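Engineer: After the structure tokens below, expect a handful of questions from me.
The values are calculated or read from the model by the stated rules, or taken from the named source; none is laboratory data. Keep in mind it's a predicted model, so treat the numbers as computed, not measured. Neighbour counts are summed over all protein chains in view; Cβ atoms, including those assigned to glycine, are modelled from backbone coordinates with ideal geometry.
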Amino acid sequence: MSENNLIADQKHTLEKQQERESQNNSKGCDKVVPNLQQQDHNIPNIMIVDDQEDILLSFKESLEQKFHNAVNIQTFKSSEEALVKFIEFHYDLVILDIRLPRINGIQLYKIMKSISPGIKALFVSALDAAEEFITILPGMGSSNILKKPVEMKCFFDSLNSFLIRR
């Protein structure tokens, strides 16, 4: 399946899921689905996607300690789960592992970018291929890609620069 077909297929699947959830909510379902109006737009919303639980926990705890309650952080182990939430919420920054099962970080970013063209992204990867990623992703620079294991000072510096430009 080509990348464009994959993106179109994922968007179609997510639209159908949203439609079903909308119908369920209108039928008196008790499920509360947060929407953009319920978000505090003064606090940056950060999404972290990595298939390794320990990395998600480490990033989240480090961010919470550094920024206290000044950022909202949501973590996801799967690209599919992240996409569903990405459609429901506004995110200022997504932090994506490049090597994810099924939909990798680059594909996920392209789908997210097609949904929200202004989204900012920071990639993390154990691969030492930053130059190759920069050529694949227009508008990305070396500051958008961090190599695992991530030095927390570099991580915070990158985050601060993204959040300042917000």
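Engineer: Filter the stretch 66-96 for residues that are modelled with pLDDT of 95 or more and acidic (Asp, Glu) and give the result.
Structural biologist: Listed by number, the residues that qualify are GLU80, GLU81.
Engineer: For ASP50, are the conditions met, namely being at pLDDT 60 or above and either closer than 19 Å to SER114 by Cβ or touching a strand residue (DSSP E or B) at 6+ places or on another chain (Cβ under 8 Å) (or both)?
Structural biologist: Criteria met by ASP50.
Engineer: Here's a follow-up. Can you tell me which residues in the stretch 47-103 are among the charged types (D, E, K, R), in contact (Cβ under 8 Å) with a residue 40 or more places away in the chain, over 20 Å from ASP128 (Cα atoms) and in a loop (DSSP other than H, G, I, E, B)?
Structural biologist: Correct list: ASP92 only.
Engineer: State yes or no: is GLY105 among the small types (Gly, Ala, Ser) and either surrounded by fewer than 18 Cβ atoms within 10 Å (Cβ to Cβ) or touching a Pro at 6+ places or on another chain (Cβ under 6 Å) (or both)?
Structural biologist: For GLY105, the condition - among the small types (Gly, Ala, Ser) and either surrounded by fewer than 18 Cβ atoms within 10 Å (Cβ to Cβ) or touching a Pro at 6+ places or on another chain (Cβ under 6 Å) (or both) - is not met.
Engineer: Do you know which of the residues in the stretch 116-147 that are under 13 Å from ILE95 (Cα atoms) and charged (D, E, K, R) is surrounded by the fewest Cβ atoms within 10 Å (Cβ to Cβ)?
Structural biologist: Residue satisfying both the conditions and the ranking: LYS147.
Engineer: Do we find that MET112 is among the aliphatic types (A, V, I, L, M) and within 18 Å of the chain's Cα centre (by Cα) in this structure?
Structural biologist: It is true that MET112 is among the aliphatic types (A, V, I, L, M) and within 18 Å of the chain's Cα centre (by Cα).
Engineer: List every residue pair whose Cβ atoms sit under 9 Å apart, with the two residues 6 or more apart in sequence or on different chains, where the first one lies in the stretch 112-129 and is under 9 Å from ILE145 (Cα atoms) and of a type in the set (A, V, I, L, M) and the second, anywhere, is part of a loop (DSSP other than H, G, I, E, B) and modelled with pLDDT of 90 or more.
Structural biologist: Close Cβ pairs (under 9 Å, with a partner that is part of a loop (DSSP other than H, G, I, E, B) and modelled with pLDDT of 90 or more) amount to VAL124/ASP50; VAL124/ILE98.
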